[in-house]
Each structure stands twice: as C-alpha cells, then as structure tokens.
Amino acid sequence: MSSQGYPQNPVEYIQHHLQNLNLHNLFPSDAAHEAAHDPGFWTLNLDTLFFAWLTAGLLMYVAYRVGQNLSLDKPGGLQNFLESIYEFVDGQIKGMFPGHNPLIGPLSFTIFIWVFLMNAMDLVPVDLLPWLAAGLGVDYLKVVPTTDLGTTFALALSVYALVIYYSIKIKGPLGYLKTFLFHPFGKYLIPFNILMTTIEEVAKPISLSLRLFGNMFAGELLFLLLALLTAFAGVLWLTMPAQVALASIWAIYHILVITLQAFIFMLLTIVYLGLAHMGADEH
C-alpha cells in the first residue's frame, strides 16, 4: 500500500477490506485523516459508484449488442439465454401482478440482471483487485456495490418512489390517503390505522435494502475470513491460488446466494408495485 501499508494483522486486514474508497482516503490530509475512517453519511464511496456503473454499463452494452443482432429466425446463444431469463421474469409477473403495465417487465428484468451482476463481483478473489489498485496508489477498494448500504437503499428508494407514484396514479390522491386512514382496522380506529400503515410503508424500502445488504455483506465477510488463512503467508502471487482454492467451495454455494438475492429483490419489486396497482377497496 502506498501510504497505509499492507495490513499487519487479521483485525487490520478485515478493517482494511471493509473500508470504502472515498475522497477522504484517496487524497488524505492531516485535517481529513480522522474523517477517513468516519467520513459521515454524505460521503460518496467512489468504488461503489465505479463498480455499480461498470456493471450497469456492461448490461447496457450487452443489451445493445443483442438488440443490434436480434434475429427471430436464427437467434444466437446470448439472445436465447436472455430471452429465457425474460420469460422466467415474465412468468413471475403474470402470476403476481394485477392488470398490465408495460414498464413492469423491463424494470423487473433490469433489476434482476443488474443486482445479479453487482452481487457477482463478490466472486472475484478478495485480494486481487485491491492488490492491483494498491499498485496504482489506491489504498482502499471494495468491489461489491451491494455490500454498501448506499447502493441497496438507493435501489430500494427508487422502487418505492415508483410505488408511491403508481399508488397515487391508480387510486388517486384521495384513494391513497384512504389507505392510511381506513386500513387495516376500519374507520373507527383512524389514529391506529395511520400509525400501522405508516410503519408498514416505511418498512418496505428498509427491509428491501437491508435484506440484500445483510446477505451480501455476510458473504463477503466469509470470503475475507477464508482469505485470512493465506493472507499473511508472504508472497501474494503464491497465496492467491491457495486463496482461490479455499474460497471455491464457498463460491459454488455463494452463486446460489447471489442469484437468490437478486431474485428476491426483483420479486418484492413486483409485489410492491402490484399492491400499488390495486384499487383502494382491494388494498
């Protein structure tokens, strides 16, 4: 490492790998040294933004390439693969979503693929990219965007903004207000209705974001614990194969985890938007 040096013990190793890259530790100064470890809520995590945009760019590039070579008679392997995923997503929508909205299919498909790609960054050996970044003078680097609460909350709040929009659009402002006043206990318990419905609505984006964050953070932490078995052996190019071998068994299982978490996030998006499309009397 350029300024901090390689971690000297397991505690420093874990702390180092769980630290995001931000402006405070990218350009450290005496005044900002303390803030580098607790920079505050509004600090932008540059590594999170980079890898989230990188996976989004990859998704857009692949979609563009498939769209340019789209064929109904002789579809390519990638087109068949993406169509099979879309048909799977569409089947979930048909089973849970009331009515029809042309946005729901593409939105759910995009969320599933993008969250999966961000989760899949967890399969990269934990020391590989930070080691390469250290050679460029970057001391901190977290490569999994969904292990950052900022990412999962941003996704959840974006979905919830659509939920509020469609709730008001479908039910009308008065109908949306009625869901707070008369649900779930009827018109005689309006104060309790407001309290319970507010808690229910606030819990949606919080649970949506924390579920994804918690599962991915736990997976990353387990990879770090496995990497600790070889992290202090001395020579990185010798320890990297051992690190990969030890993490391979967990990685096979973790592929199921990252896929399942992307699926659950997509599924809850469909469910919440489906509830928003129900009439006030159906809520």
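The values are calculated or read from the model by the stated rules, or taken from the named source; none is laboratory data. As the structure is a prediction and not an experimental result, all values here were calculated from the model. Here the Cβ positions follow ideal geometry from the backbone for every residue, glycine too, while neighbour counts run over all protein chains shown.
Which of the numbered conditions does MET121 fail, given that it passes all the others? Conditions: (1) hydrophobic (A, V, I, L, M, F, W, C); (2) modelled with pLDDT under 95; (3) out of contact with any Ser or Thr (no Cβ under 8 Å at 6 or more places or on another chain).
MET121 satisfies every listed condition except (3).
Filtering segment 23-77 down to residues that are charged (D, E, K, R) and at pLDDT 90 or above, which residue is nearest to ASP139 (Cα to Cα)?
Per the criteria, the residue is ASP47.
If you take the residues of segment 137-153 that are among the hydroxyl-bearing types (Ser, Thr, Tyr) and under 21 Å from GLU12 (Cα atoms), which of them is farthest from the chain's Cα centre (by Cα)?
Of everything passing the filter in segment 137-153, TYR140 is farthest from the chain's Cα centre (by Cα).
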